Amino acid sequence: MPAVTVLIAAYQAELFVGRAVASALTQTLRDIEVLVVDDGSRDRTADVARAAAGGDPRLSVIRLERNRGVSAARNAGLRAARGRWVAPLDADDTFAGQRLEQLAGEADRLGADLLADDVVAVRGRVPTLGGFAAPLRGRRPNAAQFVALDIFGSDAMSIGYMKPLMRRSFLEQRGLEYPEDIYAGEDFHLYVRCLLHGAQLRFVGEGYYRANVRDESLSRSDPERVYAAFARSIAALRAEAEGLGDRAAVRALDRRSADLAAYRAYSRFSDAMHAGRVIEALRTLRGLASRAYTWRRLGMAARRRLVRGTASA
């Protein structure tokens, strides 16, 4: 049994999956397996992944006959995984060389079920540390606290972007997998379910995960579909929390639902303003005037403009 299974779900990823595979196979922790699940790609994703491994027997490629979505691909990988720990890695992201060695040792020491490091967001060639992990070092957030930490539209990187090391036996014993009917936020959904079922989530402050931030994000390409997915996720999690008797999580998810509605309305206001549809924007703003979320977002936008103005002065 390897110490860690690196799980890479890949679709139409021939341009970057090789870097992800290489970053996994060059880890200082050698006792690993790397599973690439090719989610019905029509390009050379599988061939590029194998070429990047250069014959390393620790790589396996699973090919799905049709594109089923990232959650289904990850679940296929989870069912094939043999490692004590599972480390998800997006096909366009990479690990720092010592990541798995550092996290596996710390996870064992802390008795964690999920252990998260920080995420370094790379936009173009500029890396920025997310900053969510260090303040949580030593804390063990429950489901309600975790939900409250993830804020829609925050300037800072959301905690929902974390890619923790996950104890495979914990997931299997509780039948926990990624939600295949959720179009966006599937990682966050799984983490909340883990916490509802008693997972010990711990953090280290260092950022060993490098996330490549691309402009063609799902939220930009189809925002209404993303909002609908988030709403389904919240409803499903609320029902599960209520069934488990976790009233604090139910209240946190109710607040999250209200914040999602405000975020959706604010986004429409912002889009109308940027498009020059001032009357439409003002009509939307009147309906939002009593919502604290709206004024918080306007304040964030004003601070960004002030910082830019000061920097250019």
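Structure notes:
Residues are listed down the side, and each one gets a yes or a no for (1) of a type in the set (A, V, I, L, M, F, W, C); (2) not in a helix (DSSP H, G or I):
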site	(1), (2)
Ala22	yes, no
Glu33	no, yes
Ile62	yes, yes
Arg68	no, yes
Ser71	no, no
Ala87	yes, yes
Asp92	no, yes
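- Qualifying residue in the stretch 173-195 (condition: crowded, with 17+ Cβ neighbours inside 10 Å, more than 17 Å from the chain's Cα centre (by Cα) and among the hydrophobic types (A, V, I, L, M, F, W, C)): no
- Qualifying residue in the stretch 292-301 (condition: at pLDDT 70 or above and either buried (at least 18 other Cβ atoms within 10 Å of the Cβ) or assigned to a helix (DSSP H, G or I) (or both)): no
- Residue within the stretch 139-154 that is more than 24 Å from Asp31 (Cβ to Cβ), surrounded by 22 or more Cβ atoms within 10 Å (Cβ to Cβ) and in contact with a Lys or Arg (Cβ under 6 Å, 6 or more places away or on another chain) present: yes
- Hey, Ala199 crowded, with 20+ Cβ neighbours inside 10 Å, part of a loop (DSSP other than H, G, I, E, B) and at pLDDT 95 or above or not: yes
- Sole residue being in the same structural domain as Arg125 (by TED's automatic domain parsing), touching a Leu at 6+ places or on another chain (Cβ under 8 Å) and part of a loop (DSSP other than H, G, I, E, B), chosen from Gly40, Gly97: Gly40
- The stretch 28-79, residues that are hydroxyl-bearing (Ser, Thr, Tyr) and either more than 27 Å from Leu176 (Cα to Cα) or touching a helix residue (DSSP H, G or I) at 6+ places or on another chain (Cβ under 7 Å) (or both): Thr28, Thr45, Ser71
- Failed condition for Gly131, given (1) at positive phi; (2) in a helix (DSSP H, G or I): (2)
- Matching option when the condition is closer than 23 Å to Ala116 by Cβ, crowded, with 20+ Cβ neighbours inside 10 Å and touching a helix residue (DSSP H, G or I) at 6+ places or on another chain (Cβ under 8 Å), among Leu89, Leu25: Leu89
- Applying a threshold of 7 Å to beta carbon distances and a minimum spacing of six or more residues, or different chains, the list of pairs starting in the stretch 120-140 at a residue that is assigned by TED's automatic domain parsing to the domain that holds Glu106 and over 25 Å from Asp92 (Cα atoms) and ending at one that is among the aliphatic types (A, V, I, L, M) and surrounded by 17 or more Cβ atoms within 10 Å (Cβ to Cβ) reads Arg137/Val204; Arg140/Leu201.
- The set of residues in the stretch 2-18 that are more than 25 Å from Ser169 (Cβ to Cβ) and under 19 Å from the mean Cα position of the chain (by Cα) comprises Ala10, Tyr11, Ala13, Phe16, Val17.
- In the set Arg210, Arg225, Arg167, only one residue is crowded, with 22+ Cβ neighbours inside 10 Å and either under 22 Å from Asp90 (Cβ atoms) or of a type in the set (Asp, Glu) (or both); that residue is Arg167.
- Gly55 meets each of the listed conditions (1) touching a residue at least 24 places away in the same chain (Cβ under 8 Å); (2) loosely packed, with under 15 Cβ neighbours inside 10 Å apart from (1).
- Residue in the stretch 92-124 that is modelled with the lowest pLDDT, counting only those that are within 26 Å of Val70 (Cα to Cα) and basic (Lys, Arg): Arg123
The values are calculated or read from the model by the stated rules, or taken from the named source; none is laboratory data. Everything numeric here is computed off the predicted structure, so don't read it as measured data. FYI the Cβ positions are ideal-geometry reconstructions off the backbone, even for glycines, and counts take in every protein chain you see.
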